[in-house]
Every structure is written in C-alpha cells, then in structure tokens.
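Have a look at the structure below, then the notes.
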Amino acid sequence: MNNFMDHEQQPVLEAVHLHKEFPINQMKLGSRSASVHAVEDTTLALYPGRATALVGESGSGKTTVARMLARVYDPTSGEIRFRGNDVNYKKRGAALRDYRRHIQLVFQDPFSSLNPVHNVRYHLSRPLRVFGHAKNEREVTEQVIELLNKVSLTPAEQFITKYPHQLSGGQRQRVAIARALAARPEVVLADEPVSMLDVSIRLDILNLMERLKIEERLAFLFITHDIASARYFAEDILVMYAGQMVEGGLSDDVIQAPKHPYTQLLLSVAPDPQRVEQVMNEGANDAVPARGEIPSLIRPPQGCRFHPRCPHAMAICKEKVPGRTEVAPGHWTNCFLYDQSEADRKPASFIQADAIHNAKALQKEEAK
Amino acid sequence: MATALQPVTPEQQNPVAGITIVHNILKWLTSNWKMTTGTCILVFFILMAIFGPLLAHMSPTAFSNDLFQPPSAAHWLGTTSKGEDIFAQLVYGARISLLVGFIAAIGSTILQILFGLLSGYFGGLVDNILSFVINVFLILPGLPLGIAIASFAPNNIKGPILITILLTFTSWSYGARVLRAQTLSMRSRDFVESARSSGEWPLRIIFFEILPNIISVVASSFVGTFVYTIGADVAFEFLGLGNVSQSTWGTMLFWAQSQQAMLAGGWWWFIPPGVCVSLLCAGLAFLNNGIDEVANPRLRVESKRKLARRKKEVVA
C-alpha cells in the first residue's frame, strides 16, 4: 500500500488510447490495402522514481509502444502527454530533439546498439554535446567519466578509450544505459534491456537500473517477456496480448492474483522451482492449458483477441471487445469474466478454476 | 589491479603509433595476392609518373631528325613520324593520364557519397528526387556524349579539364546506387536508431555513424571508378576530345592512328601506351577484388601452400 501513495503524483509521461497500424504493401492487384494492427487502445502512465513493466510474448506490441513513446514513429491515433501536455506529432526538428532530451530509449541488443567504429567516449560525448550539457572537451571528459562511474564501469579512465568489440555484453549494456543517462532524461524506456545478456549478469544490470531509478528519480518503462524480472524490478505490471492491454496493476497483485486468463497462462509457463515440487507431488495443474499461439495481427480475431486460445471463452468474447473492469483497487483487467453485467454467463468450469485458485492461495497463506 | 591486467595504456602506445600504422597498412596491402599485385602495379605507375621524366633526356614534344625509328639505344621506345621520343611521351603522358583519372574518380566518389547516402538515409521525397537524378545520369551514355561534345566543342576548351569534368559527371551514378542500397540497410540498424533517438543531427549520423561503416564499399567503388576514368580518359583523347598538342596516353594513340602507324608497321608507337593502360586497369581491378576479399571474408580463397603449411603445423 506504501507504493500506492505514489499514484497521487503527477505522471511524467502518459499514453492515452494509443493505436498503431503499419500499412503493408500487397503486390496483388485489386486487393484491399491491409495493415498490421500492432497496438490497439493502449493507455499507460509513468511516474518519477517508479518502474512500470510491460509484459507479453513476442509480437504483442511491447516494442511498438516504447518506440511510439520515444517518437521513433508516430501513433496512428491517440495522445502522448509529457508533463500533462499533449505532444504535437507534426512538430519535428528542434521540438522533437527537446522531447528526446527528456525521454531516452535503451535498446535490447547491446551488440548492435553501439557503433563498432566509435569508442566509448564518442558514444557518451554525443548526447552531452547535442543537448549542450558540455561546452568543451574538458567538460566532456569530466562528464563522461562521471557517467561511467554512475553505471559502475570502473576504472572509468580505462573504459573511455575502449571500442565496443573490446567490451562484454554486460559492459556494453552499461555503456548504452550511460548514453541514455547522458541526456539527463526523466523517462527511460528500456526495451528488453536484459534479455540479450548472460543470465549471470542480468541481475547486475537490473540492480543498476533499480539504483538509478531511486537516485535519479527516473521513470522507467521496462519491457520484458520475463515476468520474474518484471516483478523484481517494477512496481507496476501491464500485460499485453496481441497489441491490447489485458491486465494491469501493482506487481504483487498481478503476480499473486492474476485475473486475465492470459496472465494466468503466462505465469503458469514461467519457471518456478516451487511449482516443480508441486507438480511432482500433486500432478500438473492444468487450470490453464497452453494452446495455440499469438494470432495474425493483419486480420486479428473479432472481439477479445485472446478468445481463440482462452479456455474460458464465451459467446460474447467473439463479438465484443471487453472493457476495463476494476477487480481490486488499482488492479484492472479487460475480461468479460469479471464484468458484473456479464457475470451470469460465466461458464461453470471457470468458476471452478477460480475457486481452486483462491483455495490454493488461502492454503499457502495458512501454511506461512 | 586493473592496471596489472592492462600493461599497455594508450599513452604508452603513442611513441610507436606511427610505426604501427605503417605496419598495419603494409599488412593490409599484402593480405592477399590480388591486393599485393594490384598495389605493385599501381605503385609502379605512380613512380613512373613522378620519376620517369627524369630518365627521359628529351622533351616529349621536341622534334628530331630520327623520324619513325624503331626502339634503339638513343630512343628506348623509338620515335614518331615527326621524330618525337616515344619513351618521353609515355612517361610524361602518365602524369596527365593518372591525374585526370584520379581527380575524376575523387570527384565522382564525392558525388556518389553525397547522392547515395543522402537519398538512402532520408528516404521519402528527398530519395525520390535524388534517385531520379541518379537514374537520369545512369542512362546517360558516357562515350557517345563525349563524341558529341568533342565534335562541337571549340579547340581551346578541349583538354584534360574538360575530360575530367565529363568523366566526373558520367561515372558517379552507378556507385551512388550501390551506396544508396548500403545506406538503406544501415539506416535501420540499431546503432543508427539509437543515435537518432539520442537526438543526434541527421548529417552527423550520415557522415559519422553510417559512412565509417561502409567505407570499404566506398573504397572499392572508388577503385572501380578509377578503372573506368583511366580507360574512358584514353578513349576520349583517342576520339580527339583531348588537347592533341599535349602528350598523354590517349593522344599518343590518337596520333598513332591518324599517322597510320599500324599500316606502316610502327608497332612501337601504339603498343606501349596500350600496354600501360591495360596493365594499370588490370592492377586497379586486382586491387578492387582484393579490397572485396578483405571486406568480405566469404570470398577469401586459401592458397594451397598455406593449407599445406597449416596441415604440417597440425601434424607437428
């Protein structure tokens, strides 16, 4: 509940009903122009000193959301609000550069996000120069060393002349993070920053980001497909499926009491030593069978996009897109199962699964 | 502790940096036999252009009484029908021919970089306009255009400068297309996107992030253009677009043809410049393939000798 107080603060960056469609060129004559519905109706808010994790499998539109927020490309519709003001997509040039000074992107792959022909100093000096934080070479060197110390690349004097090929994956990602910090941003959009790294150094990078989040009061958007690291690092979790947000709330709420069948599926496939024991003792818990895969986004399923895979799919799921339902304070989901007006139509099997789930949660609590 | 791991800091490297660079360039130039052959041929002609005239004891345009003589001790490569020394003409001619080819290739490469990188990076309307210009120049036939200009241009503007300009403008389009394609594949690379999202200036992205990464393509394209400009320079001069009172490889061939050296059996008049041109172009082509091989390791062919040596090492 302590975390909950932070919500009273003003969000620094907000996305309101973002949509993004990528038109695709079809060579067939006379065919209707088609497009990929990459992101649909995405709303989120980032707060200073707080991390929001965006979780979902590949192709769910997580990266597209981050790139729209970084204004790599513009949304088809919807607003981005920075410090409460709508961003004008038509203004480029100086206005865009000013926006990017505050919102920085960290890329997934540190092996390709650094230019092989430039050394560490060059990479860090450019944002310092572009945004006018350093006026001369001496100031650049001072600030580069300071940045390297901030991301724990020490001794900084040695790293300053190194080229990307002389660094390990973890060191490169630190350089990439330092480059994002060089602009002195308020928001960092981290696009799967640890997924390309060796498992042994993931935790280091996560701890580094955690420290920066607190020290610099940064608002983080942490994109990941690994629900465990999301829980470790982020205060809030948003779950995306096929371009739509399906569930969101405080990390602990979402992880401990997942409501949307997709979140339940995601959690059931995450490796968890405890559950291995449970499975060995009691047999597999097949409340949420994993079946199918993410649908085509060119012709997405009608209604709820998860219904072809959903074990609890009802007739209405194929017809209407579910609205947002508050299941607990600050915890919401887009699912008809929790929609009071649709409650009568709940299939028996679901209620049973829900009851089993609740009972198990109770058992665990009692055991503690 | 870290200093113990890295005994050589950049400061310590500095005194020998010059030697290391020379060593690296030598290593690079001798990295495969095509590169070595090409470099040797090119260096030979450059030395010939610089020091050759010191060996020639006659001016290339001075007449003498030895008319149309075959090679002898007095005239190493014989004389023309007006008594000019062919060796002198050849070595003095190397200067102009090399210089015209080189300057035209440089100018052409600059155009290639500007058009290719700008159209590839910016895309959209800029790309449409620049691509249109590239395509217009691509279908512009070089040699027929040269012949047309040669037959209309007044004599006082004919010469190396006109040829250089003509060569520059007829040789850049192909390379520009190649560089445009390379830039298109570079612009969506992560490091370019991250530079863009960190607010970097577009021109700086093009010339400091993208260009250094495709420099081997530019180098190869430069050498390829050089081959074309050397050959086309000779062709233009042979067609009479050059200043015929100057001695270059092309005008030597022009005079040999107009004085009917072939019919008169004067092989020493037209063979030396012909051999020079083909040898130089072959050398440059070797160099070009050599660069390709260095830049693209998949093209590398290991020599049998090296393979045998490696086998021996393994056995030992």
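Per-structure values
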| read-out | value |
| --- | --- |
| Unique match (being part of a helix (DSSP H, G or I), in contact with a His (Cβ under 6 Å, 6 or more places away or on another chain) and of a type in the set (D, E, K, R)) among A:Arg179, A:Arg211 | A:Arg179 |
| Pairs where the first residue, in segment B:201-216, is closer than 17 Å to A:Tyr163 by Cα and the second is of a type in the set (Val, Ile, Thr) and in a helix (DSSP H, G or I), C-beta under 7 Å, 6+ apart | B:Glu209/B:Val192; B:Ile210/B:Thr183; B:Ile210/B:Val192 |
| Qualifying residue in segment B:83-95 (condition: among the hydroxyl-bearing types (Ser, Thr, Tyr), within 29 Å of B:Val178 (Cα to Cα) and touching a Ser or Thr at 6+ places or on another chain (Cβ under 6 Å)) | no |
| Per-region count, segment A:83-104, residues surrounded by fewer than 18 Cβ atoms within 10 Å (Cβ to Cβ) and either touching a residue at least 12 places away in the same chain (Cβ under 8 Å) or part of a helix (DSSP H, G or I) (or both) | 9 |
| Sole residue being away from chain A (no Cβ under 13 Å) and within 23 Å of B:Phe222 (Cβ to Cβ), chosen from B:Gly175, B:Gly159 | B:Gly175 |
| From the options A:Pro258, A:Pro311, residue that is at pLDDT 85 or above and part of a loop (DSSP other than H, G, I, E, B) | A:Pro258 |
| Residues located in segment A:145-156, provided they are in a loop (DSSP other than H, G, I, E, B) and within 13 Å of chain B (Cβ to nearest Cβ) | A:Leu153, A:Thr154, A:Pro155 |
| Yes/no for B:Gly240 being on the phi > 0 side of the Ramachandran plot, within 14 Å of chain A (Cβ to nearest Cβ) and surrounded by fewer than 21 Cβ atoms within 10 Å (Cβ to Cβ) | no |
| Residues of segment A:96-144 that turn out to be among the β-branched types (Val, Ile, Thr) and facing chain B (nearest Cβ under 10 Å), as a count | 4 |
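The values are calculated or read from the model by the stated rules, or taken from the named source; none is laboratory data. Predicted model, so just to flag it, every value in this text is computed and none were measured. Don't worry about glycine lacking a Cβ; one is built from the backbone with ideal geometry, like all the others, and counts go over all protein chains shown.
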